[in-house]
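Where a number appears in this text, it was derived from the coordinates with a stated rule and is not lab data. Predicted model only: the values in this text are computed from it and were never measured. Cβ sites come from the backbone with ideal geometry, for glycine too, and all protein chains shown count toward neighbours.
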Ligand code: SF4
Ligand code: SF4
């Protein structure tokens with residue numbers, strides 16, 4: 001019997017419960033008039049302005065660092081910049097025929113995922129092939145918990161396409177080589193849970209976790225499902241989001257590259273889930289009335305404000321139409337509400353105190369690096385202090401400081417090495433000089449000795465000649 005029993009194994013700490021909103025079926029968004037395909041600045045673009053392209057045709061090449069990007073509509077390339085390939089849609093959506101080679105090992109899967117442009121669809125957009133490269137996992141953790149309370153795209157996907165999601169998970173098991181597979185799903189997703197259970201095979205385990213934000217954070221989900229703490233890598237675990245598994249299914253079984261994704265659009269209490277082509281401008285997804293509001297991409301808790309000209313990319317999981325202005329922050333009243341909701345058991349009020357300076361040593365002592373920037377503390381702070389944002393900038397400042405320190409240490413090391421080399425050179429030169437002087441001295445001494453010998457020889461010759469002269473004089477006088 002498959003272990004389909006929904007249960008919570010480990011208790012959640014901190015976090016926020018936010019009432020879910022109802023939503024309908026996934027709608028297919030109209031094709032954009034112009035699709036602006038985001039491309040990596042390091043990508044090699046394989047099309048030119050004026051080229052006709054088909055839906056799914058690669059517009060960039062891939063390598064072991066970057067995945068390919070594809071035309072999400074058929075039509076004509078009208079402009080190319082360092083970051084975008086813009087295609088005017090012919091509205092025909094003529095498909096490009098991608099061929100999938102037979103898959104025998106992890107390397108084959110990695111190559112396929114790279115060429116199909118697969119990245120994690122949970123929000124981080126980390127290349128799937130790189131994730132597979134990183135370790136030999138024993139556990140495959142499937143993230144079926146939304147990463148933000150205002151995002152419903154994965155829930156909608158499981159409700160409507162659970163059989164395909166499960167097939168995608170099977171592919172992820174084979175591609176990763178994991179021995180066991182756990183799917184963590186939030187307990188308020190009853191319809192999605194029911195559908196997943198209906199297709200669940202024996203070797204997959206479905207575990208319900210509390211619908212308390214941020215259960216969908218990888219580390220939190222791992223703790224809730226297995227009781228294990230620490231990073232996934234330390235626990236030989238690899239994690240994929242359900243939408244990423246669905247993209248794997250589409251790549252392997254349908255030869256379809258990643259050219260669309262499901263995006264949740266939230267406007268007050270109204271939720272829509274749209275299947276959107278990558279590169280669609282946000283404003284094309286909104287009603288005329290909605291076009292006057294500001295837009296937050298990435299969820300209520302961790303999203304960022306973008307303009308309506310922003311285009312849907314592979315990480316766009318939600319578009320939140322933001323109507324209320326954030327009240328101005330007032331001083332901390334030390335109520336402790338932030339501490340109660342922190343899922344990482346940190347002390348946000350103390351972190352806040354030291355983040356304003358920022359005091360690096362204190363922040364390290366208070367484990368700022370463990371802050372997952374979930375924004376729970378922000379949400380409950382009666383003083384409206386943007387705590388998570390402050391923690392993010394404190395982290396960046398510390399990172400910058402550490403980079404500077406590292407650079408300074410490297411420069412010091414290089415300078416010391418230079419000084420050591422200089423001093424060695426001086427010693428070596430002095431030794432060479434000494435030895436030359438020694439040789440010169442010896443040579444001079446030798447020369448003196450030679451001179452003395454020559455002088456002696458000359459003297460001998462002189463003496464001999466004098467003796468001979470004397471003898472001759474004696475002989476001459478005798479005659
Ligand atoms: S919730 Fe806000 S006001 Fe209360 S202690 Fe935390 S930072 Fe201070
Ligand atoms: S943002 Fe950081 S400090 Fe605040 S609740 Fe989340 S983990 Fe805790």
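Numbers at a glance
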read-out: Restricting segment 324-362 to residues that are away from ligand 1 (no atom under 15 Å from the Cβ) and in a helix (DSSP H, G or I), the residue that is surrounded by the fewest Cβ atoms within 10 Å (Cβ to Cβ); value: 361
read-out: Single residue of segment 364-383 satisfying the filter (within 15 Å of residue 341 (Cβ to Cβ) and assigned to a loop (DSSP other than H, G, I, E, B)) that is farthest from ligand 1 (Cβ to nearest atom); value: 372
read-out: Top-ranked residue in segment 189-211 [being in a loop (DSSP other than H, G, I, E, B) and out of contact with any helix residue (DSSP H, G or I) (no Cβ under 9 Å at 6 or more places or on another chain); ranked as nearest to residue 159 (Cα to Cα)]; value: 211
read-out: Residue in segment 302-323 that is without any contact (Cβ under 8 Å) to a residue 12 or more places away in the chain and touching a strand residue (DSSP E or B) at 6+ places or on another chain (Cβ under 7 Å) present; value: yes
read-out: Pairs where the first residue, in segment 382-402, is closer than 14 Å to residue 359 by Cα and the second is outside any loop (DSSP other than H, G, I, E, B) and within 11 Å of ligand 2 (Cβ to nearest atom), C-beta under 7 Å, 6+ apart; value: 390/352; 390/355; 391/351; 391/355; 391/368; 394/355; 394/368; 395/368
read-out: Residue list for segment 219-243, restricted to those being surrounded by fewer than 21 Cβ atoms within 10 Å (Cβ to Cβ) and not in a loop (DSSP other than H, G, I, E, B); value: 219, 226, 233, 234, 235
read-out: Residue that is surrounded by the most Cβ atoms within 10 Å (Cβ to Cβ), among those in segment 283-323 that are within 16 Å of ligand 2 (Cβ to nearest atom) and in a loop (DSSP other than H, G, I, E, B); value: 299
read-out: Segments classed as helices (runs of 4 or more DSSP H), wholly inside segment 93-187, with at least 1 members that are within 27 Å of residue 320 (Cα to Cα) and touching a residue at least 24 places away in the same chain (Cβ under 8 Å); value: 128-133, 153-176
read-out: Among residues of segment 384-406, those that are within 19 Å of residue 18 (Cα to Cα) and more than 14 Å from ligand 1 (Cβ to nearest atom), counted; value: 0
